[in-house]
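Participant: Pasting a structure here, questions to come.
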Amino acid sequence: SLPTSDRKVAWLMTTPQQDGGQWDMITAIIRKYGVVPKSVMPESYNSSKSSELNSTLNLKLRKDAVDLRELVNSNASSEEIASFKEKKLAEIYRILVYTLGEPPVKFDFEYRDSDNNYHIDQDLTPQTFFEKYVNWNLDDYVSIINAPTDDKPYNHMYTIEMLGNVLGEREVRHLNVDMNTFRQVAIKQLESGESVWFGCDVGQESDRKKGIMDTELYHKDELFDVDFSMSKAERLDYSESLMTHAMVLTGVDLVNGTPTKWKVENSWGDKVGTKGFFVMSNNWMEEYCYQVVVNKKFLPEELQKVLTEEPKVLAPWDPMGSLA
């Protein structure tokens, strides 16, 4: 086995798991398990405030890594190693059930329609609920990134080593494009009446309370008389920026066809921004937005063809895998 000083091992142990995630991860979960309405599996304390759960899970995974490596180094058989892993996965599942609740296998869905008529749909499974009430073709939606670094030429596919959550599902995949294409596909989807899931570096040049994200919000360079300027590529290459948070674009302000600002729905409750909504300047999008998920029909035809190419594999610590 690799030594603990190896960069890959050190990276795995720094944060064994976290409760973020990539778009391809949620689609993998939905394809395998389905979804349920909140009415049959409401939020728990730990699902809303997950820091203690994350700490406990990371402690558990690090302890299991110690024991697993000792088992491997003792020349245990493949059967013994597999049995150990199954036992530890069962313990992790138990922790998750205690803190989040057990996902329902079957349930009844009760609701009132717009005319206040009562309905009940009985004996649904998470898969049949998704098929009946959502019924999206998840394969229509693709991840588009803007990462202007030398190691990621535009108009090619990328994936990240060891980034995934469901065995047997496809890897997380990104199509890297220039910023103009990035913006235009997001605008097309918004104009069609559909919101846009996106990933960004939310803590940069932002005011959480006021709900503003703007590159002109603070002027530390003027305050200290120091040049802090870096290009988007330089910030990625030198660990100044990476994807940290996913939100939803719900609108865009166009002046003569050019975007000036974007309406953003956050997930931090209604006490920040304007009842949970933020305003993002177009300059902020250019500098700190890295990913949008769009229906592939909004891509130019030549880029739709690129989606089928074999992706280049990036290192596990690449900033385009950091949202997870």
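Participant: What number of residues within segment 187-211 satisfy the criterion of being closer than 20 Å to ASP270 by Cβ and either out of contact with any strand residue (DSSP E or B) (no Cβ under 6 Å at 6 or more places or on another chain) or polar (S, T, N, Q) (or both)?
Facilitator: 6
Participant: Filter segment 20-34 down to the residues that are farther than 21 Å from LYS49 by Cα and in contact with a strand residue (DSSP E or B) (Cβ under 8 Å, 6 or more places away or on another chain) and list them by number.
Facilitator: TRP23, ASP24, THR27
Participant: Please report, ordered by residue number, the strands (runs of 3 or more DSSP E) entirely within segment 132-187 with at least 1 residues that are in contact with a Phe, Trp or Tyr (Cβ under 6 Å, 6 or more places away or on another chain) and of a type in the set (Gly, Ala, Ser).
Facilitator: Once the strands (runs of 3 or more DSSP E) in segment 132-187 are filtered for at least 1 residues that are in contact with a Phe, Trp or Tyr (Cβ under 6 Å, 6 or more places away or on another chain) and of a type in the set (Gly, Ala, Ser), what remains is 141-145.
Participant: Same structure, new question: What number goes with the only condition from (1) buried (at least 16 other Cβ atoms within 10 Å of the Cβ); (2) more than 30 Å from LYS312 (Cβ to Cβ) that ARG173 does not pass?
Facilitator: (2)
Participant: Pick out the one residue from VAL142, VAL134, VAL105 that is β-branched (Val, Ile, Thr) and buried (at least 16 other Cβ atoms within 10 Å of the Cβ). Give the derivation first.
Facilitator: Working: VAL134 fails: buried (at least 16 other Cβ atoms within 10 Å of the Cβ); VAL105 fails: buried (at least 16 other Cβ atoms within 10 Å of the Cβ).
Residue meeting the stated conditions: VAL142.
Participant: Considering only segment 34-56, state which residues are over 16 Å from PRO103 (Cα atoms) and in a loop (DSSP other than H, G, I, E, B).
Facilitator: LYS49, SER50 - these are the residues of segment 34-56 that are over 16 Å from PRO103 (Cα atoms) and in a loop (DSSP other than H, G, I, E, B).
Participant: Could you check segment 58-79 and list, in sequence order, the residues that are of a type in the set (Asp, Glu) and over 24 Å from LEU96 (Cβ atoms)?
Facilitator: GLU70, GLU79
Participant: While we're on this one: Just to check your reading of the model, which residue among ASP253, ASP221 is in the same structural domain as LYS210 (by TED's automatic domain parsing), without any contact (Cβ under 8 Å) to a residue 12 or more places away in the chain and part of a strand (DSSP E or B)?
Facilitator: ASP253
Participant: For segment 270-308, enumerate the residues that are among the hydroxyl-bearing types (Ser, Thr, Tyr) and surrounded by 15 or more Cβ atoms within 10 Å (Cβ to Cβ).
Facilitator: Scanning segment 270-308 gives SER281, TYR288, TYR290.
Participant: Looking at PRO104, PRO37, which is the one that is touching a strand residue (DSSP E or B) at 6+ places or on another chain (Cβ under 7 Å), on the phi < 0 side of the Ramachandran plot and touching a residue at least 40 places away in the same chain (Cβ under 8 Å)?
Facilitator: PRO37
Participant: Please work out which one of (1) at pLDDT 95 or above; (2) in the same structural domain as ASP237 (by TED's automatic domain parsing) is the condition ARG170 fails and give its number.
Facilitator: So ARG170 meets the others, but not (1).
Participant: Take the residues of segment 235-269 that are out of contact with any Phe, Trp or Tyr (no Cβ under 9 Å at 6 or more places or on another chain) and of a type in the set (Asp, Glu): which is nearest to ILE212 (Cα to Cα)?
Facilitator: By that ranking, first place goes to GLU240.
Participant: Is it the case, given these coordinates, that GLN304 is assigned by TED's automatic domain parsing to the domain that holds ASN180, of a type outside the set (A, V, I, L, M, F, W, C) and in a loop (DSSP other than H, G, I, E, B)?
Facilitator: Working: assigned by TED's automatic domain parsing to the domain that holds ASN180: yes; of a type outside the set (A, V, I, L, M, F, W, C): yes; in a loop (DSSP other than H, G, I, E, B): no.
Spelling it out, it is not the case that GLN304 is assigned by TED's automatic domain parsing to the domain that holds ASN180, of a type outside the set (A, V, I, L, M, F, W, C) and in a loop (DSSP other than H, G, I, E, B).
The values are calculated or read from the model by the stated rules, or taken from the named source; none is laboratory data. Treat the numbers as computed from the prediction; the structure is a model and nothing was measured. Cβ coordinates were reconstructed from backbone atoms using ideal geometry, including for glycine residues, and neighbour counts include every protein chain displayed.
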